[in-house]
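*Asks:* Sharing a structure with you now.
Read the figures in this text as sums done on the coordinates, not as results from a lab. All values derive from a computational prediction rather than experimental measurement. Quick reminder, even Gly has a Cβ in these numbers, built from the backbone with ideal geometry, and neighbours come from all protein chains shown.
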Amino acid sequence: MTDTEAFVKTLPNDIGGLPAGPIQRVEHDLEPWEKRCHALADVLDFHKIINTEEKRRGVEALGSELIGKLTYYERWIVTFANILFQKQLLTPEELARKMDEVAARRSP
Amino acid sequence: MSAHDHDHDHDHAPIQAGDQPPGYYEIMETAVRELLVEKGMIKAGEIRRQIEVLDSRNPALGAKVVARAWVDPDFRARLLANGRAGCEELGISFYDDTQLIVLENTDKVHNLIVCTLCSCYPRPVLGLPPDRYKLKPYRARAVIEPRAVLAEFGTHIPEDVEIRVSDSTAMVRYLVLPKRPAGTETLSEEELAGLVTRDAMIGVVPVENVAAGGGAA
């Protein structure tokens, strides 16, 4: 789809103290899928499947280039998928098949 | 497949305003969630319940805590000793394992909270953070030039007041207890809570006595 889908790099997300531009006074209401993604993060934490620190490190492991291109919850869902693969709880093939199924379901 | 599979569960909000198909990452979210449910690792109902929990959290909860601390010195002492226990006293449950440290602003110290690594935030008492809290400029600059950051919010802290910046972690979150504005002696606890904004509890602005027609200096 987009070039963001192809990257896997590891660069730290530790940006405290770096120079940066003015504070962006932006706000947006979460999209329904973003809110579901947030709830999924909490439920994964409750079940000790993926905790907050694993999630944070997983986002870091996306690398700064991809971190910069994805939105906040895009980073989270890609990270969850990666961690679930690493823990052998899901396989990439299972996810690919399910994503095809979900995409087909919604296009009449 | 799973029990909830027939037509899934987002009646609470229309999924798309128009006929725009779901994006790649939304499809990924749905697929990951459904696979985990099918494998029995999570339940669809848990996601729904957690969405309700998230929707129930907003800065009014934190404002209630602040107002109580202003009017009840014993509560303030307990809150400063253990932020989580203090909030729980007021019926605010913590749905996660995080601890809460409440930082009191005084005439000598102004507190500001940030999460440089990501977006850790006292969600049980404030709800979800504003986008700017999660974006690079705030995270990068708050720890190195807090006065300049505060100035962008129109907040000017005198030079003889120390600014303390607290960097949140996955396990330890912070909440600022702002200074009670002058001229609020006659206000009720509820009226006081009405003055306390989200941004004041992050430390980027003071609490203003709006009833008095704007904050006196």
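*Asks:* Most mobile of A:Pro32, A:Pro19, A:Pro92 per a Gaussian network model of chain A (Cα springs, under 10 Å)?
*Replies:* Between A:Pro32, A:Pro19, A:Pro92, it is A:Pro19 that shows the largest mean-square fluctuation.
*Asks:* I would also like to ask the following. Give the lysines reachable from B:Lys108 as a straight Cα distance under 27 Å; neighbours fewer than 8 places away on the same chain don't count.
*Replies:* B:Lys64, B:Lys179
*Asks:* Let me ask something else about it. Among the lysines, which have Cα under 19 Å from the Cα of B:Lys39 when same-chain residues fewer than 8 positions away are ignored?
*Replies:* A:Lys48, A:Lys87, A:Lys98
*Asks:* Averaged over every viewing direction, what's the projected area of the C-alpha convex hull for chain B? Give it in nm², one decimal, please.
*Replies:* On the way: hull surface 60.8 nm².
In nm², the orientation-averaged hull projection of chain B is 15.2.
*Asks:* Let me ask you something else. Determine the relative contact order of the range A:30-106: mean sequence separation of Cα pairs under 8 Å and six or more apart, normalised by residue count, in whole percent. Could the numbers behind the result be given before it?
*Replies:* Working: 33 pairs, mean separation 18.2, N = 77.
RCO, the range A:30-106: 24 percent.
*Asks:* To continue, here is another question. Please report the relative contact order for chain B, taking Cα pairs under 8 Å with a sequence separation of at least 6, and give it as a percent rounded to a whole number.
*Replies:* Details: 279 pairs, mean separation 47.8, N = 217.
Once divided by the residue count of chain B, the mean separation gives 22 percent.
*Asks:* Continuing with this model, one more query. How charged is the neighbourhood of B:Gln99? Take every other residue with its Cβ under 9 Å from the Cβ of B:Gln99, and add Lys/Arg as +1 and Asp/Glu as -1.
*Replies:* Details: positive: B:Arg84, B:Arg173; negative: B:Asp97.
Summing Lys and Arg as +1 and Asp and Glu as -1 gives +1.
*Asks:* Could you state, as a whole-number percent, how many of the C-alpha pairs of chain A are farther apart than 20 Å?
*Replies:* Numbers: 2899 of 5778 pairs.
The share of Cα pairs beyond 20 Å in chain A comes to 50 percent.
*Asks:* Percent of Cα-Cα pairs per 10 Å bin, from 0 to the last occupied bin, for the protein assembly as shown, please list those.
*Replies:* So the P(r) values, bin by bin, are 5, 24, 31, 23, 12, 4, 0.
*Asks:* Could you derive backbone 3J(HN,Hα) for the range A:16-26 from the dihedral phi with the Karplus parameters 6.51, -1.76 and 1.60 (θ = phi - 60°), listing whole Hz in sequence and x where the residue is Gly or Pro?
*Replies:* For the range A:16-26, the Karplus-derived couplings read x, x, 6, x, 7, x, x, 4, 8, 8, 10 Hz, x marking Gly and Pro.
*Asks:* Report the paramagnetic label zone for A:Asp29: residues of the range B:126-141 whose backbone N is under 20 Å from a point 7 Å from Cα along the Cα-to-Cβ axis.
*Replies:* Output list for this probe position: B:126-133.
*Asks:* While we're on this one: Would you pull out the residues with amide H under 5 Å of B:Ile101's amide H, same chain only if 5 or more places away, H placed 1.01 Å from N?
*Replies:* The answer is B:Arg173, B:Tyr174, B:Leu175.
*Asks:* Evaluate the distance, in nm, between pseudo-label points positioned 7 Å from the Cα of B:Leu90 and of B:Ser56 along their respective Cα→Cβ axes.
*Replies:* Those two pseudo-labels are separated by 1.7 nm.
*Asks:* Might you report the magnitude of the Cβ-based charge dipole of the protein assembly as shown about its Cα centre, with Lys and Arg at +1 and Asp and Glu at -1, to the nearest 20 debye? All intermediate terms of the calculation are to be shown ahead of the outcome.
*Replies:* On the way: 39 positive and 51 negative charges, 121 e Å.
Charge dipole, the protein assembly as shown, about its Cα centre: 580 debye, nearest 20.
*Asks:* For B:Ile163, enumerate residues with amide H under 5 Å from its amide H, sequence gap 5+ or separate chain, H modeled in the peptide plane.
*Replies:* B:His110
*Asks:* Check the cysteines of the protein assembly as shown one by one and keep only those with no other cysteine Cβ under 4.7 Å from their own.
*Replies:* When partners are defined as cysteine Cβ atoms under 4.7 Å apart, the protein assembly as shown leaves A:Cys37, B:Cys87, B:Cys118 without one.
*Asks:* From the backbone phi of the range A:54-64, what are the Karplus-calculated ³J(HN,Hα) couplings (6.51 cos²θ - 1.76 cosθ + 1.60, θ = phi - 60°) in whole Hz, Gly and Pro given as x?
*Replies:* Coupling constants for the range A:54-64: 4, 4, 4, 5, x, 5, 4, 5, 5, x, 5 Hz.
*Asks:* Kindly provide the Kirkwood hydrodynamic radius of the range B:135-204 in Å, to one decimal, from all pairs of distinct alpha carbon atoms. Could you put the intermediate results ahead of the total?
*Replies:* Working: mean 1/r = 0.0714 Å⁻¹.
Final number for the Kirkwood radius of the range B:135-204 is 14.0 Å.
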